[in-house]
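Worksheet: one structure, shown below.
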Amino acid sequence: MSSADIVAEIAVRFTALSLVAIGGINAILPEIHRVVVDVEGWMTSAQFVELFALAQLAPGPNAMIVALVGWKVAGVVGALVATAAVCGPSSVACYIAWQWADRLREAPLRGVIQRALAPIAIGLIMASGYTLARGADRSLGALALTLLATAALAFTRINPVWVLLAAAAVGIGGLA
Amino acid sequence: MAADPQPPEGSPLAGVTRPALFASFLKMGLLGFGGVLPWARRVIVDERGWLDDREFAQLIGLCQVLPGPNVVNLAVIIGARTQGPIGSLIAVSGILFVPVALMLAIAAFYASLADNVHARNAIAGASAAAAGLIVGTALRLLLHARPPPRGLVTGATAFVAVGILQWPLLWVITVLIPAGIALEWRASRTDAERKHAKRE
């Protein structure tokens, strides 16, 4: 597959995902993982999780993982196309929805849709965590780090960056 | 008729210039280590006074229901309220471009370290924790939302189908979203009937 083909593939696949990213980027991570690891074989599961960790350590929105995946498979052009494909359609939809927001507020179905989507979004985010953990946890030490980070985020208000840096330090110690 | 894209007279958003819009979202993007949302609140509510806490919470609620990255949606709406569609473009560029450029620089630096054993060990540790952060996010949302049994069923189905069975997301949600809405719709009608019966 040539680089141009890869970029085109990313553009088509990610554009479709943009409009179903309910709950944000974390809801579509398993699908991005499925496409780039299982379907296309562009990287291993472990490499995917490494990119995710890098994206979490850098500043910026969660969408940065998408830029990194694009960069890994097709360089800077891949990064820009992937970011635009994931953010573009949803942004246009958001602009349109905002113009209708006042009317939507009174729609009887709005509450129903909101209550129906929330648990599905949570299930998808959980699926992301599971997919990432399967790629990252190749030792008991790594599994322990995953569980500790889970607890830190679920039950404390600590900034996630400190959790990542602490885990990186543990990793340098050879425990992951 | 669509809502008036201009903010009402006297709203702090009416006087926001394009450079100020870009600079504010640039700041949120650059300071947003471990998530942009807390910084978005700080800049928009505390520093600039564009919205109060209640308005900000309502806007975030809307951004979370809509598809796409939440903070990008936030940039779209705030940008639109100050300068129309151009404002949306300016705010989204502010929050995306510089972080993407920085991200690529970091990635290139990381690629040059790929053979270093310490760098590999560090990223292995951070990877394991990063997975946990997402599981923790889901847990936190679950504890906060406490969905009824029908919600637990649709949420668990989404998790099993997409996470464990690794079925294609588009197929899964094409079935799951209408099913979830139907369940929720039936429940809301049953609730309404029950209330009605009680009143009589």
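For the range B:15-57, take every pair of Cα atoms, bin their distances at 10 Å starting from 0, and report each bin as a whole percent.
Distribution as computed: 30, 55, 15, 0 percent.
Using the Cα gyration tensor of the range B:27-125, with a ≥ b ≥ c the square roots of its eigenvalues, what is the shape: rounded (a/c below 1.5), prolate (a/b larger than b/c) or oblate (neither)?
Taking the square roots of the gyration eigenvalues as a ≥ b ≥ c, the range B:27-125 is prolate.
Just the Kirkwood number for the range B:114-200, please: inverse of mean 1/r across all distinct Cα pairs, in Å, one decimal.
Over the range B:114-200, the inverse of the mean reciprocal pair distance is 16.4 Å.
Can you tell which of A:Arg13, A:Arg138, A:Arg157 shows the greatest fluctuation in a Gaussian network model of chain A with Cα springs below 10 Å?
A:Arg157
Near B:Gly125, within a Cβ-to-Cβ distance under 15 Å, what is the net charge of the other residues, with Lys and Arg +1 and Asp and Glu -1?
For residues surrounding B:Gly125, the net value is 0.
May I ask for the distance between the Cα centers of the range A:96-172 and the range B:62-108, given as a whole number of Å?
20
Across the residues of B:11-21, average count of Cβ atoms on other protein chains within 10 Å?
Average neighbour count from other chains, rounded to a whole number: 0.
Please list, in chain and number order, the residues 5+ apart from A:Ile22 or on another chain whose amide H is under 5 Å from its amide H, with Hs placed from the backbone.
B:Gly68
For chain B, with a Gaussian network of springs between Cα atoms less than 10 Å apart, report the residue from B:Ile77, B:Ile164, B:Ile60 with the top mean-square fluctuation.
Most flexible of the set in this elastic network: B:Ile164.
How many partner chain Cβ atoms sit within 10 Å of a residue's Cβ in peptide A:131-141, on average, as a whole number?
For peptide A:131-141, the averaged partner shielding equals 5.
Residue farthest toward the positive end of the dipole of the range B:42-154, with Cβ of Lys/Arg at +1 and Asp/Glu at -1: which of B:Asn116, B:Leu142, B:Ile106?
B:Leu142
Give me the inter-chain shielding for A:19-29: mean count of other chain Cβ atoms within 10 Å, whole number please.
If you average over the peptide's residues, the count of other-chain Cβ atoms is 6.
Find out how many positive minus negative residues lie around B:Gly180, taking Lys and Arg as positive, Asp and Glu as negative, among other residues whose Cβ is under 13 Å from that of B:Gly180.
+2
For the range B:91-161, state the semi-axes of the equivalent ellipsoid (square roots of 5 times the eigenvalues of the alpha-carbon gyration tensor), sorted largest first and rounded to whole angstrom.
35, 20, 10
Which of rounded, prolate, oblate describes the range A:1-127, given a ≥ b ≥ c as roots of the alpha-carbon gyration tensor eigenvalues and a/c under 1.5 marking rounded, otherwise prolate only if a/b is larger than b/c?
Prolate.
Any idea which of B:Ala158, B:Ser11, B:Asn70 is furthest toward the positive side of the dipole for chain B, if Lys and Arg beta-carbons carry +1 and Asp and Glu beta-carbons -1?
Towards the positive end, the residue furthest out is B:Ala158.
What does the C-alpha gyration tensor say about the overall shape of the range A:90-176? Classify as rounded when a/c is under 1.5, otherwise prolate if a/b is larger than b/c, or oblate.
prolate
In the range A:26-135, which GluC sites (Glu not before Pro) are in a loop and have at most 11 other Cβ atoms within 10 Å, using DSSP for the loop call?
In loop regions of the range A:26-135 (DSSP not H, G, I, E or B), there are no sparsely surrounded GluC sites (Glu not before Pro).
Show me the helices of chain A, taken as full DSSP H stretches, that run 30 Å or more along their long axis by Cα and average -1.0 or above in Kyte-Doolittle hydropathy.
Flagged H segments are A:64-99, A:108-136.
About the Cα centre, and with charges only on the beta carbon of Lys, Arg (+1) and Asp, Glu (-1), how big is the dipole of the protein assembly as shown? Nearest 20 debye, please.
820
With no solvent and one point per C-alpha, what does the Debye sum give as log10 I(q)/I(0) for the range A:136-176 at q = 0.20, 0.32, 0.33 Å⁻¹?
At q = 0.20, 0.32, 0.33 Å⁻¹ the computed log10 ratios are -0.56, -1.11, -1.14.
Quick one: dipole size for the range B:23-144, taken about the Cα centre, charges +1 on Lys/Arg Cβ and -1 on Asp/Glu Cβ, in debye to the nearest 20.
It comes to approximately 40 debye.
Among A:Ala97, A:Ala133, A:Ala53, which one moves the most in a GNM of chain A with springs linking Cα atoms closer than 10 Å?
Its mean-square fluctuation being the largest, the pick is A:Ala97.
Based solely on its DSSP helices, what 222 nm [θ] is calculated for the protein assembly as shown when runs of n ≥ 4 H residues each add -39,500 (n - 2.57) and the sum is averaged over all residues, nearest 500 deg cm²/dmol?
Computed mean residue ellipticity for the protein assembly as shown: -25500 deg cm²/dmol.
None of the figures in this text is laboratory data; all of them are computed from the coordinates on show. Being a predicted model, the structure only gives us computed values, none of them experimental. Reconstructed Cβ throughout: ideal geometry from the backbone, glycine too, with neighbour counts over all protein chains shown.
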